[in-house]
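The structure under discussion appears below in the form of structure tokens.
Every number in this text was worked out from the coordinates using simple rules, so none of it is lab data. Computed from a predicted structure; not experimentally measured. Note: ideal-geometry Cβ built from the backbone for every residue, glycine included; neighbour counts use all protein chains shown.
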Amino acid sequence: MTRAFLVVMDSVAIGGAPDADQFFNDGTPDTGANTVGHIAEACAEGQADTGRSGRLQLPNLDRLGLGLAIRLASGMVAPGLGAEPWGAWGAATEVSRGKDTPSGHWELAGVPVPFDWTYFPDEEPAFPADVTAAICDAAGTDAILGNKRSSGTVILEELGAEHVKTGLPICYTSADSVLQIAAHEEHFGLQRLYDLCEAIAPMLHERRVGRVIARPFLGDAETGFERTVNRRDFALAAPERTLLDWVYDAGRAMHAVGKIGDIFAHRGVTDNAKGADVDLMEAMIGLGGTAEDGSLTFANFVEFDSKYGHRRDVAGYAAHLEWFDAQLGRFFDTLKEGDLVIFTADHGNDPTWVGTDHTRERVPVLCHGIGTRALGQIGFTDVAASVADHLGLSERGAGRSFL
């Protein structure tokens, strides 16, 4: 029996989505967005030299086939990414009508989203009166702050001090199907924030809003406010059994790393390591040494998206990619004969693009442990089917194995 590691590099996409013209950032279609490709171009042109310099250096991912996957997905020849591969590589296309975290992860786990998500309008107020009333009732307040679309960092700069002064929760949304609530861990209380989000989540889920997200932060008006790693997502459960359920119900261990447990409403999860990406890398490397035969480790590294993509920080995104790639040698050293590792993404977030939202793109599928070959154009659900095939599970979902 062998093990599988499914690693989602959140938003690390490679362009070429055939329906990108139907998805928008600030009114501009996502046609031509290419997260890794455009970062590589910016690095080669000397436009991403803050905190790093030179061409994008991703030797481990490139040897798995990243450069070839970018060319397959979008036709782009990405500067600095042209290594002769020793892994298996492909480009996956999503069918779910969303470019958000749950859509991508559910489909990678074998379940395309069978309905349209509910989105809040880009208006003020953004939330219906009964939703606002429910938040106030659960929070024990007579009002909320925000009630609009906003970037999480921008809204803390705008309303953090007022929140500390008044005790009112900061509520906002984005282009995703989400209601986010930000509150100070000390002045408002971390557990109180969790309880608030958990209380209102069923109401939002009934309306097919994908997530209620607790966004705790610390700091003050003088030094500034900063979000902490104690984020928690209260997500709508997938409408069908996913890869996590297939593994768990077969009596195998399903180790979650990062926000995987939250995304799947903690269904089919044996245990869940949380923290910043640096902590998650240590957790994944540790599981490389300790995970049981027949187990699945399903990881999400969110900071590509949350810290750099949404903030359109090209140099920061490039540096984080290079940090991630540099750690992979340590991870590969822990693997056993017969292990399968798949690196992929859930959507794009091109930091060179207009706006601050996700971008509709194809994603790389880079495999360690199945030899050197081209996988071609595949579907998100083929990832789940292939993991299940590798682990000898009877369920395969909607996809086809590429093993």
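Taking 0.36 nm per residue of separation and subtracting the current Cα-Cα distance, fully stretching the chain between residue 240 and residue 221 would add 2.3 nm. For the chain, build the charge dipole from Cβ charges (+1 Lys, Arg; -1 Asp, Glu) around the Cα centre, then report which of 332, 347, 265 sits farthest towards its positive end. Positive-end residue among those listed: 332.
Charges on Cβ only, +1 for Lys and Arg, -1 for Asp and Glu, centred on the Cα centroid of the chain; of 201, 60, 191, which one is farthest towards the dipole's positive end? Farthest along the dipole direction, towards plus: 60. Amide H neighbours of residue 209 under 5 Å, at least 5 residues apart or on other chains, H built in the peptide plane: list them. Placed amide hydrogens put 118 under 5 Å from residue 209. Of the chymotrypsin sites (Phe, Trp or Tyr not before Pro) found in segment 50-137, those that fall in a DSSP loop while having at most 13 other beta-carbon atoms within 10 Å are 86, 115. If you take the square roots of the eigenvalues of the alpha-carbon gyration tensor of segment 153-236 and sort them as a ≥ b ≥ c, do you get rounded (a/c under 1.5), prolate (a/b over b/c) or oblate? Taking the square roots of the gyration eigenvalues as a ≥ b ≥ c, segment 153-236 is prolate. Find how many whole Å separate the alpha carbon centroid of segment 243-296 from the alpha carbon centroid of segment 82-122. After rounding, the separation between the Cα centres reads 19 Å.
When segment 94-227 is described by a simple charge dipole with +1 on each Lys and Arg Cβ and -1 on each Asp and Glu Cβ, the residue from 175, 109, 155 located farthest towards its positive end is 109.
The calculated FRET efficiency for residue 293 paired with residue 158, based on their beta-carbon distance and R0 = 60 Å, is about 0.70. If the viscosity is 0.890 mPa s and the temperature 25 °C, what translational diffusion coefficient in µm²/s does Stokes-Einstein give for segment 11-129 when Rh comes from Kirkwood over Cα pairs? It comes out at roughly 150 µm²/s. Filter the cross-link list 307/336; 165/274; 259/336; 99/307; 99/148 down to pairs whose alpha-carbon distance in this structure exceeds 24 Å. Exceeds cut-off: 307/336; 165/274; 259/336. Approximating the spin labels as points 7 Å out from Cα along Cα→Cβ, the residue 31-to-residue 203 distance works out to 4.1 nm. Among the listed options [x] 21.1; [y] 19.6; [z] 18.0, the one matching mean projected area of the Cα convex hull in nm² as calculated from these coordinates is [z]. Using R0 = 51 Å, the C-beta based FRET efficiency linking residue 57 and residue 142 works out to 0.40.
Around the Cα centre of segment 158-259, unit charges on the Cβ atoms of Lys, Arg, Asp and Glu (plus for the first two, minus for the last two) sum to a dipole of about 320 debye. The simple spin-label model puts a point 7 Å past each Cα toward its Cβ; for residue 133 and residue 279 those points are separated by 3.9 nm.
Dipole magnitude for the chain: about 780 debye, using +1 per Lys or Arg Cβ and -1 per Asp or Glu Cβ, origin at the Cα centre. Per the Kirkwood formula applied to alpha carbons, segment 216-258 shows a radius of gyration over Rh ratio, Rg over Rh, of 1.27. Residue ranges 365-373, 383-391 sort as 383-391, 365-373 when ordered by packing (mean number of other C-beta atoms within 10 Å per residue, highest first). Length gained on full extension, residue 123 to residue 187, computed as 0.36 nm times the residue gap minus the Cα-Cα distance: 20.2 nm. Restricting the calculation to Cα atoms, segment 296-403 yields a radius of gyration followed by a Dmax of 15.7, 45 Å.
Taking a point 7 Å out from the Cα of residue 270 in the direction of its Cβ, the residues of segment 366-387 whose backbone N falls within less than 20 Å of it are 384-387.
Per-residue extension of 0.36 nm, minus the Cα-Cα distance of residue 21 and residue 249, leaves a gain of 78.1 nm for this segment.
Ignoring the sites themselves, the chain has its longest run without GluC sites (Glu not before Pro) in a DSSP loop having at most 15 other Cβ atoms within 10 Å at 124-221.
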